[in-house]
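A short reminder: the numbers here are calculations on the coordinates, not readings from a lab. None of the values given here were measured: they were computed from a predicted structure. Because the Cβ atoms are built from the backbone with ideal geometry, glycine has one as well, and the counts that use them run over all protein chains shown.
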Amino acid sequence: MKKIYSLLFLLLLLNACSFNQSFVNREADKDEAKNVSDKYYWKWFTEVTKTIFTIFSVKSFLSDRQRRTGYIINKVQQEKGVIKGYELASWETLVVKGTNPKNEYVLKYDVQRELGVTHETVSMTKENVEIKIVGYNINIPEK
């Protein structure tokens, strides 16, 4: 009888545990996320902005966020000019594999525009097999 209780206890214990493996700031994860942000900036360079929101997460467009994001991006473009170049300033990645998987990526860029520089942060997550943009922040340094 004790063996049965011990076996049941062991099964419950194993069932309650989660097995995860975490990877922080791997170069391969950065490269994977950078491909998505490169697509984003390429669409601005080539002025194919109608399809730009295909690389954004559906989650980021609950309510009217897509319209506001487009408005903000266009406002910055009017104020600072079009993008002339961009350089990755810093990055952070977190990939968790296992029973509670998640993939989070944050890439920070210094973006050269016609009329100055902006500091832009692209936050991404993996949805199914594709990395999608869930947040985009533009900081304009004071003069």
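Give me the percent of Cα-Cα pairs in segment 62-143 that sit more than 16 Å apart, rounded to a whole number.
Numbers: 1971 of 3321 pairs.
The answer is 59 percent, as a whole percent.
Considering only Cα-Cα distances, which of the following residue pairs are longer than 21 Å: LYS50/LYS108; LYS43/LYS102; LYS97/LYS126; LYS30/LYS75; LYS43/LYS97; LYS80/LYS132? All intermediate terms of the calculation are to be shown ahead of the outcome.
On the way: LYS50/LYS108 24 Å; LYS43/LYS102 27 Å; LYS97/LYS126 12 Å; LYS30/LYS75 29 Å; LYS43/LYS97 31 Å; LYS80/LYS132 26 Å.
Correct reply: LYS50/LYS108; LYS43/LYS102; LYS30/LYS75; LYS43/LYS97; LYS80/LYS132.
Can you compute the FRET efficiency between LYS3 and LYS97 using 1/(1 + (r/R0)^6), with r the Cβ-Cβ distance and R0 = 41 Å? Round to the nearest 0.05.
Working: r = 34 Å, r/R0 = 0.84.
Between LYS3 and LYS97 the formula returns 0.75.
For the pair VAL58 and VAL82, how long in nm is the line joining their label points, each one 7 Å along Cα→Cβ?
3.4
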